[in-house]
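Step one of this worksheet: look at the structure below.
The values are calculated or read from the model by the stated rules, or taken from the named source; none is laboratory data. Just so it is clear, the model here is predicted, and its values are computed rather than measured. Reconstructed Cβ throughout: ideal geometry from the backbone, glycine too, with neighbour counts over all protein chains shown. Accessible surface areas use protein heavy atoms only, side chains included; no ligands, DNA or RNA. Shrake-Rupley method; radii C 1.70, N 1.55, O 1.52, S 1.80 Å.
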Number of protein chains: 2
Amino acid sequence: MAVDEITVVCWGLGAMGSGMAKVLLERKGVRIVGAIATRPEKTGRDLGEVLGVGREIGVRVTNNPEEALEAGADVVLHATSSFAREIYPQLDAAMAAGSNVITVAEEMAYLRQSDPELAAEIDQLARKYGVSILGTGINPGFVLDTLIIALTGICADVKRVRARRVNDLSPFGPTVMRTQGVGTTVEEFRDGMAKGTIVGHIGFVQSCGMIADALGWKLDEITQTREPIISSTRRQTPHVDVKPGMVAGCNHTAHAFMNGEEVITLEHPQQVLPGLEGVETGDYIWIEGTPPVNLAIKPEIPGGIGTIGIAVNMIPHVVAAEPGLVTMKDLPVPACMMGDMTRLARAARGDGEGA
Amino acid sequence: MAVDEITVVCWGLGAMGSGMAKVLLERKGVRIVGAIATRPEKTGRDLGEVLGVGREIGVRVTNNPEEALEAGADVVLHATSSFAREIYPQLDAAMAAGSNVITVAEEMAYLRQSDPELAAEIDQLARKYGVSILGTGINPGFVLDTLIIALTGICADVKRVRARRVNDLSPFGPTVMRTQGVGTTVEEFRDGMAKGTIVGHIGFVQSCGMIADALGWKLDEITQTREPIISSTRRQTPHVDVKPGMVAGCNHTAHAFMNGEEVITLEHPQQVLPGLEGVETGDYIWIEGTPPVNLAIKPEIPGGIGTIGIAVNMIPHVVAAEPGLVTMKDLPVPACMMGDMTRLARAARGDGEGA
């Protein structure tokens, strides 16, 4: 890597993409050189104006990906959709332009588990273009996979892993309310599940796969259950009014089996205002092994800013990585990279930083 | 890497080294081919007998390092002493034999901070011999550095880090009692500190340095304080009898400053039976940043088995690493490697494992 500054194109300027762009503006050794958005109210304007940071940045937001990608930035920070097959043409275009890619699309966090064919294809493309591509985020990407894996690193053996992420959806808007079934009746919830409009959490298959591969476990099967969280109190947010007996959220659980035994259990009850019924938010990990580990993070690591943080922080590691589809378990531990990111990427490559 | 099985020499068969050897016997794709010990009651006997595992292993424990090293094992697992300059000739011999090295010597966890000259020398030697060398352990090596770094990975910014590891020394023997000052009077404690016989924790400088470098912080200074923990109850273990008013352990704290402000505080009060005075053991991490993180592991990750576990688990990552002196922050996240370690090392090198 011979660059003086890591250049970045931000693809997607929704809540996640805008957040990443704002964090990047505070970091050293990194510069935004392009921004892609689809909403007409964002395109054609200066990025600083779109972000509301009170100054011009000199980057015009475009709805034409080619225009932004042609600079061949070191990294494309990608935040447009959750689904790998949907974003595949975007990832392809970014890689073809010679850019490494960090995407927060949930399915990309460990595509090898959920879609091995597409994973192999993306891996080949990345190698062909000489770039690396990483899927990350807070969950999947950190709390229910990378953090668990890191904790098992101190174990002589592990028999079983269980983790539970309890969050509060009340900061979120109508889309999240709808996809989690908040404010529905139990019948509407069942109906929405059947129709696929209520989806719960996206990422359990990826998290289970990453944990299993890191530990060397061969899974037989991953099953998932989604149950309505029926409120016994009234729970009101600016976007929803859940009356007693209605659905406050979705209790989504994944179970991974090896040789017929459940070895990984991941629980993610997502609801509005769980505190009203005495449920404390938090991230909890229990490792049954030698030694056992019992971890709690209270309150939970917030999903939005956490995803923004980890996507930005992985930039130097992705720039330094060997070409291919990489995962959080393959790269060095994440860190809040507040120093010169270019220097940190060079150090990660072993370019003249010594020990 | 073209080997079919990772070969390992265990250098040091004290509590740590023996524990690592026993864990290795349970792992796949890895084989112990040599064992070095100094105590006459261990040398000349079969390793299985020395470990008490009830079977012959076919490895004769030797007190002659050359004899064990000449096989040129893939990895030397090193556990003989805490101090880098003391073990330097051993590390040199292991690297000269063409072996990668994992050592649990505390000073090696981040030698760049505590002894940059020696770190540069070891790094050059490792590159010359084409091997990698890692210092690790539970602390330094994981709880008060790698785990903290990983947690900052989800932050947009970090202002300050504070962590506290509260453990119970009662499982330990006379050496630990002496070096932590357990069972002394307050005067004896002060005297032992002055003479250097009471040392407290070894590793704070390394942990602070690793955190700062990972985050891109330039530290001005690291200071340390060691205070006696004066017992108000009687605390008895098989090795010590602490009467009220006597010293139950050493409260050792590190403070790291940047631009005159304390940015890292690490506390490690080590004592026998803290529970008798209502002190709960645990590992606690507080990150003051965006977002803040508040983590607790209760009880604390045990030091002995944790060090054994992480040293063994890093084998595939160290085999796969580029030559040089590497650190926990440079390598992929640790994981309890229960699958075929050779295959895991190959995957880490990207040899034919694809995405």
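Numbers below:
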read-out	value
Unit charges on C-beta of K, R, D, E only; dipole of the protein assembly as shown, Debye	860 debye
Longest site-free stretch - chain B; sites: trypsin sites (Lys or Arg not before Pro), DSSP loop, at most 11 other Cβ within 10 Å	B:56-217
Where Rh is the Kirkwood radius over Cα pairs, Rg/Rh for chain B	0.98
B:R162-A:R160 pseudo-label distance in nm [points 7 Å out on the Cα-to-Cβ vector]	3.7 nm
On Cα atoms only, tilt of B:116-129 relative to the major axis of chain B in degrees	10 degrees
Within chain B, percent of DSSP bridges classed antiparallel, to nearest 5	55 percent
Area projected by the alpha carbon convex hull of the range A:256-355, averaged over all directions, nm²	10.5 nm²
For the protein assembly as shown, accessible area per residue (1.4 Å probe, heavy atoms of protein chains only), Å²	37 Å²
Helix A:204-215 axis, angle to chain A major axis (alpha carbon atoms, nearest 10°)	70 degrees
Fraction of alpha-carbon pairs over 13 Å apart in the range A:295-348 - percent	63 percent
For the protein assembly as shown, share of DSSP beta bridges that run antiparallel, in % to the nearest 5	60 percent
In degrees, nearest ten, helix A:303-313 long axis to first principal axis of chain A (Cα)	30 degrees
Expected 222 nm ellipticity per residue - DSSP helices of 4 or more, -39500 (n - 2.57), all of chain B, to 500	-9000 deg cm²/dmol
Contact order relative to length of the range A:235-355, as percent, for alpha carbon pairs under 8 angstrom and 6 or more apart	14 percent
Computed magnitude of the charge dipole of chain A (debye, nearest 20; Cβ of K, R +1, Cβ of D, E -1)	600 debye
Pairwise centroid distance, computed over Cα atoms, of the range A:286-332 with the range A:26-52, Å	26 Å
Cα shape, the range A:203-269, gyration tensor, a/c 1.5 rule	prolate
Amide hydrogen neighbours beyond the local backbone of B:V59, cut-off 5 Å, H modeled	B:L47, B:G48
Entries of A:K22/A:K42; A:K329/B:K329; B:K22/B:K128; B:K128/B:K218; A:K329/B:K298 with Cα pairs more than 23 Å apart	B:K22/B:K128; B:K128/B:K218; A:K329/B:K298
Over the protein assembly as shown: Kirkwood hydrodynamic radius from C-alpha pairwise inverse distances, Å	26.5 Å
Apportionment of accessible area to carbon and sulfur, the range B:1-127, percent (1.4 Å)	44 percent
